[in-house]
Amino acid sequence: NIAGEVRIKEALEQELLAPFHYFGIADEKVDYSFIRRKNGKFDDKDLSEKLSINERTDFIIEKIKLYDYNGNLLKAIGFCVDINHAKKMAEDFSKKGFKVASISSKDTMEKRQKTLNDFRRGLLEIIFTVDIFNEGIDIPEINMLLFLRPTESSTIFTQQLGRGLRKIKDKEYLTILDFIGNYNK
């Protein structure tokens, strides 16, 4: 039984959520027409390989700098295709001087908790993840979301969006960079 329901638009109007700046960015570094599909969806393994190219990392960093974020420190979550993609993004961003980590459901609870604590304390700027931050976690400090994969489910997109909409003192807005691969559709 649903006792009540508030949609995102209403919650924003009632100032229950942090406002956001959404930027849908054409993913110029990846040609999605060459990525295999299975049962009407992108093949995760093929997608992960195509999204893990070094030129794309530079492109993403360029967009982070262009669109900026609210606050003194970058506190971003990057949603990835799979564990390999999350690890590759963390490795590439680390080489570019960012303080990053990758975590997944395969990591121990201790590693996940330490990563979150480091993130909250400002020791990490970006956490690259797959599947574990869709729901059930509250990190109001997030000031940027990076959708680094095409999200083919509106439910998952809404859940991931919700990770950044939590309010906290001095958080004026959330920046969302959605690297839209299938923007023609």
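A few points about this structure:
- The condition of being of a type outside the set (Asp, Glu) and more than 14 Å from the chain's Cα centre (by Cα) holds for Ile168.
- Residue list for segment 37-52, filter: open to solvent by less than 50 Å² (accessible area, probe 1.4 Å) and either of a type in the set (A, V, I, L, M) or assigned to a strand (DSSP E or B) (or both): Phe42, Leu47, Leu51
- Matching residues, segment 56-103, being farther than 19 Å from Thr175 by Cβ, surrounded by fewer than 21 Cβ atoms within 10 Å (Cβ to Cβ) and of a type in the set (A, V, I, L, M, F, W, C): Ile83
- Qualifying positions in segment 100-129 - in contact with a Gly (Cβ under 9 Å, 6 or more places away or on another chain) and not hydroxyl-bearing (Ser, Thr, Tyr): Val100, Ile126, Ile127, Phe128
- Residues located in segment 9-23, provided they are at pLDDT below 80, open to solvent by less than 60 Å² (accessible area, probe 1.4 Å) and farther than 21 Å from Ser153 by Cβ: Leu12
- Per the conditions (1) open to solvent by 60 Å² or more (accessible area, probe 1.4 Å); (2) within 17 Å of Thr175 (Cα to Cα), the sole criterion not satisfied by Ser154 is (2).
- Residue match in segment 139-146 (condition: of a type in the set (D, E, K, R), farther than 14 Å from Ile176 by Cβ and surrounded by 14 or more Cβ atoms within 10 Å (Cβ to Cβ)): yes
- Selection from segment 169-185 of residues that are in a loop (DSSP other than H, G, I, E, B), at pLDDT 85 or above and surrounded by 14 or more Cβ atoms within 10 Å (Cβ to Cβ): Lys171, Tyr173
- Restricting segment 24-36 to residues that are out of contact with any Asp or Glu (no Cβ under 7 Å at 6 or more places or on another chain) and loosely packed, with under 14 Cβ neighbours inside 10 Å, the residue that is farthest from Leu177 (Cα to Cα) is Phe34.
- On inspection, Asp107 does not qualify as among the charged types (D, E, K, R) and under 13 Å from the mean Cα position of the chain (by Cα).
The values are calculated or read from the model by the stated rules, or taken from the named source; none is laboratory data. Computed from a prediction, not measured in an experiment: that's the story for all the values here. Here the Cβ is made from the backbone with ideal geometry for all residues, glycine too, and neighbour counts use every protein chain on show. When the accessible area is computed, the model is the full protein with side chains, heavy atoms only, and any ligands, DNA or RNA have been set aside. Shrake-Rupley method; radii C 1.70, N 1.55, O 1.52, S 1.80 Å.
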